[in-house]
1. For the stretch 90-212, what does the accessible surface come to per residue with a 1.4 Å probe? Please give it in Å².
2. Can you find, among Ala89, Leu136, Gly116, the residue farthest towards the positive end of the dipole of the stretch 40-187? Put +1 on the C-beta of Lys and Arg, -1 on that of Asp and Glu.
3. Residue by residue through the stretch 134-140, what is 3J(HN,Hα) from phi via Karplus (6.51 cos²θ - 1.76 cosθ + 1.60, θ = phi - 60°)? Round to whole Hz and write x for glycine and proline.
4. I need the P(r) histogram for the stretch 72-212: all alpha carbon pairs, bin width 5 Å from 0 out to the longest distance, whole percents.
5. Give me a comma-separated list of calculated 3J(HN,Hα) values for the stretch 73-80, in order, Karplus coefficients 6.51, -1.76, 1.60 applied at θ = phi - 60°, integers in Hz, x for any Gly or Pro.
6. No solvent, one uniform scatterer per C-alpha: report log10 I(q)/I(0) for the stretch 93-149 via the Debye equation at q = 0.29 1/Å, two decimals.
7. What residues have an amide H closer than 5 Å to that of Gly54, excluding those fewer than 5 places away on the same chain, when H is modeled at 1.01 Å from N in the peptide plane?
8. How many angstrom lie between the C-alpha centres of the stretch 146-212 and the stretch 96-118?
Amino acid sequence: RSPEYLSKYSIINLFSDPINSFLSPSPSSSSPSKEKEDCEEKYREQLTMTAFSGDETAPFFGFLGAAAALVFSCMGAAYGTAKSGVGVASMGVMRPELVMKSIVPVVMAGVLGIYGLIIAVIISTGINPKAKSYYLFDGYAHLSSGLACGLAGLSAGMAIGIVGDAGVRANAQQPKLFVGMILILIFAEALALYGLIVGIILSSRAGQSRAE
């Protein structure tokens, strides 16, 4: 055969061999269906690793309860401290020797914020959907716990502030009223303590909606 024919045949083979190898892959290469199955399996593994266990909206109520416990308790503590502090400052102008003795309402009002802090920490540590399933029952339990403690602390702070303001002023004029003022403050503080106890009981109910 002529050299021209051989050269043409070799040029055709040069371009046709890569095209044929691309269009007809070797049997050893993985098929598209196999690659799709592998991708789906990896996607399922990622979903199981990062899946949310429980109800998606349940943590909203739980965190709302933690915030309510701290906010309302601090509101009560702030009102009680400010209200009784005004009375102490007004009384201290005429009787400065009674200032430290009349600081009891301020201290008792400040304790209310600690009650809310305790409940908020208990609630926030109980919200971990990746470790344990968190359902709406648990969110409602934490919300009621926070509201019970927070609103009880708010009411106690208002009572302590009003009684403390009037009590320290009256104590400056009549020292025999001091014991009576302390008793009234103790019973006002007990209101917040009731809310703390009920809040702890309600928060302990979370996680008991169903057996894991």
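1. Averaged over the residues of the stretch 90-212, the accessible area is 51 Å².
2. Looking along the dipole axis, the top candidate is Ala89.
3. Going residue by residue, I get 10, 9, 4, 4, 5, x, 5 Hz, with x marking Gly and Pro.
4. 2, 12, 19, 16, 13, 10, 8, 7, 5, 4, 2, 1, 0, 0
5. 5, 5, 5, x, 5, 5, 5, x
6. -1.12
7. So Gly54 has HN proximity to Tyr134.
8. About 12 Å separates the Cα centre of the stretch 146-212 from the one of the stretch 96-118.
The values are calculated or read from the model by the stated rules, or taken from the named source; none is laboratory data. None of these values were measured; they are calculated from a predicted model. Heads up, the Cβs are rebuilt from the backbone with ideal geometry, glycines too, and the neighbour counts pull from every protein chain shown. Keep in mind that these areas ignore ligands, DNA and RNA; they rest on the heavy atoms of the full protein, side chains included. Shrake-Rupley method; radii C 1.70, N 1.55, O 1.52, S 1.80 Å.
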